[in-house]
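Below is one structure; the comments refer to it alone.
The values are calculated or read from the model by the stated rules, or taken from the named source; none is laboratory data. Since this is a predicted model, take the numbers as computed values, not measurements. We place every Cβ from the backbone using ideal geometry, glycine too, and count neighbours over all the protein chains shown. Just the protein is used for accessible areas: all its heavy atoms, side chains included, with ligands, DNA and RNA removed. Shrake-Rupley method; radii C 1.70, N 1.55, O 1.52, S 1.80 Å.
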Amino acid sequence: DYQHLHRATMAEPDDLYTLRAQFWLGHYDMALDEARSIARRPMAQSLKDEREEIVVRCYLAKGDADRAVAETAGHANPGMKALNIQANNMMSPSDANVDAMKTLVADPSSAASATPTLGLVAAHLFLSAGKTSDALSCVASGSSMEHQALALQIYIKIDRIDLAKEQLSTMRASDEDAILTQLCSAYVDIANGSSTAADAIHHLNTLQEQYGASLMLLNCAAVAHMTAGNYSEAEMSLSEANAEFNGAGDADTLVNTVVCYQHLGKSAADIDPILSTLKSQFAAHPFVEGLKRVEGALERESIKYKVDAIAA
């Protein structure tokens, strides 16, 4: 609710309190409603720009790249330019999009007039292209909490939990009760392993109790439960994601469900249809690409043994 959101974002007292919070929590439809409700409110141009950018980021998070392209076409604002490149890359990934983003980030005029969105969007695109170092350089020195939160997630991705913990300490010193600080506490606790997974579950349950569940929060909870070895509880979170938020159309929910089902000892009849959906609808997802590599390697090895058997 608004009271909770207001208190949790007290460190940044401006007209985008609730909008940012809803976006960070994965409540994208609620964020779009909030953006519409404050559209006519007088505010600084930088906040107007950020409001428009968060709207487009919501469209991208919902998978509506076409709408995002339409909303950002022809914009001079560096953040909107970056979002346009990201939206086009979601529809058709290419090195040209990565190069265009690098050019935009390197342009001195972009840095002078950009909201925090430019660095965040560029980092996400570089991550999707496997350019982790470039992604980190976009956010490592950022002053906003969201830059710090993304830098922390990148440190976890490259197995530098020590740096992630340092980043979390910095965020806690800035605002211990902020939503992003609470989310990042959960991420670090999950990355730290089963010994701290219960703390992650506590953080995520608290967020859901205060602000309501979302597809993102339920997936985080499922991962935390699996890290703790609570596979039945993880399945419950994923079932809620499917029932309440169309998790069947979300790659992360499908991947987490496959992993959960494997740990629960479910049969191929339960798992194979999910894998088929992933392969057909999310062919570029890292999990699917990794699965294809493993399956290809297994098939090549099995052919060798078949040939040897015939020859013998």
Please indicate, with yes or no, whether at least one residue in the range 93-108 is part of a helix (DSSP H, G or I), surrounded by 21 or more Cβ atoms within 10 Å (Cβ to Cβ) and not aliphatic (A, V, I, L, M).
yes
Residue hits (the range 163-181; more than 16 Å from residue 144 (Cβ to Cβ) and buried (at least 20 other Cβ atoms within 10 Å of the Cβ)) are 164
Quick check on residue 14: is it among the charged types (D, E, K, R), more than 19 Å from the chain's Cα centre (by Cα) and over 29 Å from residue 253 (Cα atoms)?
yes
If residue 8 passes every condition in (1) within 22 Å of the chain's Cα centre (by Cα); (2) modelled with pLDDT of 90 or more but one, which one does it miss?
(2)
Please verify whether residue 150 is buried (at least 20 other Cβ atoms within 10 Å of the Cβ) and in contact with an Asp or Glu (Cβ under 7 Å, 6 or more places away or on another chain), treating the condition exactly as stated.
no
Residue 86 versus (1) open to solvent by less than 50 Å² (accessible area, probe 1.4 Å); (2) of a type in the set (S, T, N, Q); (3) free of Cβ contacts under 8 Å to residues at least 24 places away in the same chain: which is the lone unmet condition?
(3)
Filtered residue count, the range 23-61, keeping only those that are over 20 Å from residue 145 (Cα atoms) and acidic (Asp, Glu):
3
State whether the residues of the range 259-277 include one that is part of a helix (DSSP H, G or I), among the polar types (S, T, N, Q) and under 19 Å from the mean Cα position of the chain (by Cα).
no
Those residues that are closer than 24 Å to residue 247 by Cβ and out of contact with any Leu (no Cβ under 8 Å at 6 or more places or on another chain), I need them from the range 275-306; list them, please.
276, 280, 281, 283, 284, 286, 289, 290, 292
What are the residues in the range 147-167 that are more than 22 Å from residue 122 (Cα to Cα) and free of Cβ contacts under 8 Å to residues at least 24 places away in the same chain, if any?
162, 165, 166
Give me the pairs: first residue in the range 171-187 and farther than 18 Å from residue 142 by Cα, second residue of a type in the set (Asp, Glu) and in a helix (DSSP H, G or I), beta-carbon distance under 9 Å, and six or more apart or on different chains, which are they?
185/199; 186/199
Criterion (in contact with an Asp or Glu (Cβ under 8 Å, 6 or more places away or on another chain), surrounded by fewer than 22 Cβ atoms within 10 Å (Cβ to Cβ) and not aliphatic (A, V, I, L, M)) met by exactly one of 227, 206, 196
196
Members of the range 73-83 found to be open to solvent by 40 Å² or more (accessible area, probe 1.4 Å) and either among the small types (Gly, Ala, Ser) or without any contact (Cβ under 8 Å) to a residue 24 or more places away in the chain (or both), listed by number:
73, 74, 75, 76
Can you name the residue in the range 120-147 that is among the hydroxyl-bearing types (Ser, Thr, Tyr) and farther than 15 Å from residue 98 by Cα and, of all such residues, is surrounded by the most Cβ atoms within 10 Å (Cβ to Cβ)?
144
Reported set for the range 23-54 where residues are free of Cβ contacts under 8 Å to residues at least 24 places away in the same chain, of a type outside the set (D, E, K, R), open to solvent by 20 Å² or more (accessible area, probe 1.4 Å) and assigned to a helix (DSSP H, G or I) is 30, 37, 45
Does residue 118 fit the bill of being closer than 20 Å to residue 200 by Cβ and part of a helix (DSSP H, G or I)?
no
